[in-house]
Structure formats: structure tokens, C-alpha cells
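See below for the structure under consideration.
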Amino acid sequence: MIKKFIRRILGTKKTAGDHTQPVTLTAKQHGINPQLVSANAIRVTSTLQQAGFKAFLVGGAVRDLLLGIKPKDFDIATNATPEQVKRLFRRAFIIGKRFQIVHVMFGQDLLEVTTFRGASSDGAPKDEHGRVLRDNTFGEQHEDALRRDFTINAMYYDPATQTVLDYHGGIADIRNKTLRIIGVPEARFREDPVRLLRVVRFAAKLNFTIAQDTREPIAIMAPLINNVPAARVFDEMLKLLMSGHALACLQQLRKEGLHHGLLPLLDVVLEQPMGEKFVRLALASTDDRVKQGKPVSPGFLFASLLWHQVLEKWTAYQAAGEYPIPALHLAADDVLNTQTDKLALQRKIASDMRDIWAMQPRFERRIGKSPYKLLEHLRLRAGYDFLLLRCASGEIDNEIGEWWTAFIDADGAGREELLAKKPGAANEGPAKKRPRRRSRSRAANPAAPGKTE
Ligand code: ATP
Ligand code: MG
């Protein structure tokens, strides 16, 4: 027993089949700071325990606690069924089809309570590539641990006794900074290819090394992502991009050969020096915002990722004789259509992206009432931040960004003065020598995208 314990702590190879009994770590051994655990999470576990059930914090929260990071949310695992959980709390809702879970609410705070899942049955329905479609059987705690993705995500913490239960050598992997999938890597990636993205996200976010056997199949299995429903890929991509480590994640995706086909147009973008610089700057600024606790808009993020593709198409439509504003909307349509199939971009996000793009030529019209109208635009801030990225990446002249910074800051007289300075021949995006006859009437209202849809 002691030998086994030491082996586990040191993370040496275990024989198969010793995952039914956990290693139990005391507060002194695991060193979790109980102050980092949310009071509501403790309310949930203690209510469940008082009703005679087992209840633990699980997953990312335990992992983060062990790393000394304050978890952003707390998931709870229990042997109570969803109905039993629901009955114990005033505001609790059973949600989910694929897996039933209970959302317990305290004010704004939401906690997810899941019932221990049973061993994945061979009979579970799968698609033709082996992806598990539905498997909602309940089970024992050790079976629940086995179904989780990585060893570091499969530990349970009981706030009452302050003990950690570790079934798969997660503690050792936390200490060695290793990301290791539980079970046979190929099989686990096949049953749920989203794990391919998760491995990359955690490696980049935690700065962990991917264990050799977990890593090997990644590039080979990458195409399996294509069979995952677009909405799940989108959720996972969003988590990746909003992790505060988006740049590191994308670099890791490329390193693992996973970026091809994920954001199809991004392949191309990252291969153009200008596009790459723009995407880098956008992600770096997103990461900064996340780290400072500022909100990040998914629309802004995706608008940035796909901008150079829009630019390319915008130029092409103009070269084919289209006027600048309609050409921009046609380009936006093309890019959004291609991405919607793959990523299930939600309507709201797609419309934010379109707004941000459509504002760009308007920043370049610094005459008459145009700049004042733009100041009233609901998404001015996002459009302006985007403009600054375009300047910083060298796509357009810095002078435009500086002019707008001054214009936004200035009072009435200051604005008149800036306008009177006649900021030169305002350039009109990629096609500077376009005839401007027809575009003028369009430019007065270019944010009305409906026309080209
Ligand atoms: P984050 O800090 O990003 O929320 P997390 O580990 O909590 O990380 P979640 O997506 O919230 O990630 O999932 C919670 C837990 O559920 C995970 O820690 C893991 O144990 C389990 N899990 C989530 N997705 C999968 C999956 N695709 N396959 C197996 N287990 C999963
Ligand atoms: Mg989580």
C-alpha cells in the first residue's frame, strides 16, 4: 500500500486496474488554501452531505486550487441523482440532453452539479467514426474519474474534511506539470475529438508539457474534429480564445498540426505576414484584457481573426468593379458563410463582426458630419479598437488612429479644429482610386448590412 502510494505520488507507471481506489491526500499533503473555495460551493457540498450523499468539488476547480489559482467556477460531483439534487435547493434546474446536469443558483452565482457517471458502455451509440453520441449512465466515483479527460482534471476535493481524492496520479502530474490523458489516448480522442482542442488549451494555459503518449496521436487524429457538431467546436474555440492565453493556444494548435481545417480561413491568414501580425496583436490585446479582468467580446475576436480574409476578398470584389462599401459587405458575406458551417457562429456574434468590419471605411471619411455620426455608433469602441489594431499592424497609416484618438477625446471646438485640419486625402481602404459617385450615398449608411444579404 505504501509502495503504491509513493509510486503514485512520484507518477511512475502504474499497472492497469489500480484505479478503483483513490490515493487520499490530507490538507498538509496537498496544501490547498481553503480561502480560495467559494462559500456557495461549500454550501452545495455540505447540503448534499447533510442529506446523506457524497459531494466533492471536481475537475478544473480542484486542479486550479492545487496550483494555487482561484478557480473561476466550481463544479460539483455527487452520487445523488439529478432529481435528488434538485429537491435540495430552492433554485435548481435540470439541464442538458446528452448529459443531464443540475444548475444550482445563488443570486448571480451558478454551480454545476453532476451525478457520478458510470463506465462508458460499449453499447453506447456512436457515430461512424467512433464518437460517442449519448451515454448517460450513472455510476461509482472511480468510474466517474475514469471518464474524465486528463489526470489533473480527475481529482475530487471535499471541503468538509479538506481531503483530495486522486484516482489517476493527478497530483504527480500537477507537480511535474504534465498533461496526460486518462486511458488509451487514441480511444479517448476518438470517442470525443473535442479533447484534442482541450489538450492544447490546457497545455498553453497552464504551461504544462503534453505527455509523449498523449501527444503522439494528436496530429494523426486531428481530422476527427470535422465530425464534431459545429456548436461544440465553437464553444471549445471560444474557451480557448478567451482563456487569457489565446496567443499561446494558437501557437500550440499550429505546433500540433491542429489549426488546419479548424478555422479554415485562419490557415491562410497565418501564412500571410501582415495577417499574422494583425492576428498576433489582436490576440495579445485580448489576452491582456482577460488578465486585467476586462470583458472580451467574441465578435471582436472573430472579427480580428478573419479580417485579413475579408480584406483580401474586399480588394478582389473592388478589382472586379464593385464599389467599396458593397464590396466590403460581399466580402463579409463570403467569410461569414464559410465560417458559419464550420463554427456555428451565433447570429449575434456574426452581426457584431459585420458591424466592426462595416465601420472601418467610415473611419476613413473624415469630412462633414460623417465622423460625428460614427461617434454615436453603439459599437464605436470596438470599431475604434479594431482601427488601432489595423494601424499597429502596419495595414493603414498611424495618422488615422491618432486622429480618431484625438477626435474622440476632444470637445466641440477641438473636434471642429481637427476636421478643419483636413486630414489629407482620406484613403478608402484597399482600393484608393475608386470612383466615388455611387459609393457616397452608400457611405452615408454603410452599417446597414441587410442590403447585400
Ligand atoms: P476550465 O478552467 O477551463 O473551466 P475545466 O477543467 O473546469 O477547465 P470544463 O470544461 O469546465 O473544464 O469541464 C469540467 C470537467 O469536466 C473537466 O475538468 C473534466 O474533468 C470534465 N470534462 C469536461 N469536458 C470533458 C471531455 N470532453 N471529456 C472528458 N471529460 C471532460
Ligand atoms: Mg470548469
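Filtering region 138-180 down to residues that are over 21 Å from Ala39 (Cα atoms) and of a type in the set (Val, Ile, Thr), which residue is nearest to ligand 2 (Cβ to nearest atom)?
Among those that are over 21 Å from Ala39 (Cα atoms) and of a type in the set (Val, Ile, Thr), it is Ile152.
So, restricting to strands (runs of 3 or more DSSP E) that lie completely within region 21-78, which ones have at least 2 residues that are touching a residue at least 60 places away in the same chain (Cβ under 8 Å) and within 16 Å of ligand 2 (Cβ to nearest atom)? Show your work before the answer.
On the way: elements: 23-25, 55-58, 75-78.
Result: 55-58.
Confirm whether Thr315 is polar (S, T, N, Q), modelled with pLDDT of 90 or more and assigned to a helix (DSSP H, G or I). Reasoning before the result, please.
Values: polar (S, T, N, Q): yes; modelled with pLDDT of 90 or more: yes; assigned to a helix (DSSP H, G or I): yes.
Yes.
Within region 160-189, take every residue that is among the charged types (D, E, K, R) and without any contact (Cβ under 8 Å) to a residue 60 or more places away in the chain and give me the one that is nearest to ligand 1 (Cβ to nearest atom). Working first, answer last.
Just the residues of region 160-189 that are among the charged types (D, E, K, R), to begin with: 166, 173, 175, 177, 180, 186, 188.
Then keep just the ones that are without any contact (Cβ under 8 Å) to a residue 60 or more places away in the chain; that gives 177, 180, 186, 188.
Values: Lys177: 16, Arg180: 13, Glu186: 15, Arg188: 8 Å.
Among residues in region 160-189 that are among the charged types (D, E, K, R) and without any contact (Cβ under 8 Å) to a residue 60 or more places away in the chain, the one nearest to ligand 1 (Cβ to nearest atom) is Arg188.
Select from region 137-158 the residues that are farther than 23 Å from Arg43 by Cβ and either of a type in the set (Phe, Trp, Tyr) or out of contact with any helix residue (DSSP H, G or I) (no Cβ under 8 Å at 6 or more places or on another chain) (or both) and list them in ascending order.
Thr137, Phe138, Gly139, Glu140, His142, Glu143, Ala145, Leu146, Arg147, Arg148, Phe150
Run down Leu25, Leu48, Leu111 and say which single residue is modelled with pLDDT of 95 or more and within 16 Å of ligand 1 (Cβ to nearest atom). First the steps, then the outcome.
Values: Leu25 fails: within 16 Å of ligand 1 (Cβ to nearest atom); Leu48 fails: within 16 Å of ligand 1 (Cβ to nearest atom).
It is Leu111.
Within region 49-80, can you find the residues that are closer than 20 Å to Ala92 by Cα and either among the hydrophobic types (A, V, I, L, M, F, W, C) or surrounded by 24 or more Cβ atoms within 10 Å (Cβ to Cβ) (or both)?
Within region 49-80, Ala51, Phe53, Ala55, Phe56, Leu57, Val58, Phe74, Ile76, Ala77, Thr78, Ala80 qualify.
I'd like the residue in region 79-99 that is in a loop (DSSP other than H, G, I, E, B) and either among the basic types (Lys, Arg) or within 14 Å of ligand 1 (Cβ to nearest atom) (or both) and, out of all such residues, is nearest to Val132 (Cα to Cα).
Step one: filter region 79-99 for residues in a loop (DSSP other than H, G, I, E, B), giving 79-81, 89-91, 96-99.
From what's left, either among the basic types (Lys, Arg) or within 14 Å of ligand 1 (Cβ to nearest atom) (or both): 90-91, 96-99.
Values: Arg90: 34, Arg91: 31, Gly96: 16, Lys97: 14, Arg98: 10, Phe99: 12 Å.
My answer is Arg98.
Consider Leu133 against the criteria (1) in contact with a helix residue (DSSP H, G or I) (Cβ under 6 Å, 6 or more places away or on another chain); (2) modelled with pLDDT under 95; (3) among the hydrophobic types (A, V, I, L, M, F, W, C): it satisfies all of them except one. Which criterion is unmet?
Every listed condition holds for Leu133 apart from (1).
Just wondering, is there one or more residues in region 53-69 that are within 12 Å of ligand 1 (Cβ to nearest atom) and at pLDDT below 95?
Yes, that holds for at least one residue.
Condition check: within 19 Å of Gly68 (Cβ to Cβ), more than 23 Å from the chain's Cα centre (by Cα) and in contact (Cβ under 8 Å) with a residue 40 or more places away in the chain. Does Tyr157 satisfy that? Please lay out each step first, then the result.
Numbers: within 19 Å of Gly68 (Cβ to Cβ): yes; more than 23 Å from the chain's Cα centre (by Cα): yes; in contact (Cβ under 8 Å) with a residue 40 or more places away in the chain: yes.
For Tyr157, the condition - within 19 Å of Gly68 (Cβ to Cβ), more than 23 Å from the chain's Cα centre (by Cα) and in contact (Cβ under 8 Å) with a residue 40 or more places away in the chain - is met.
The values are calculated or read from the model by the stated rules, or taken from the named source; none is laboratory data. Fair warning: this is a prediction, and the values are worked out from it, not measured in the lab. Neighbour counts are summed over all protein chains in view; Cβ atoms, including those assigned to glycine, are modelled from backbone coordinates with ideal geometry.
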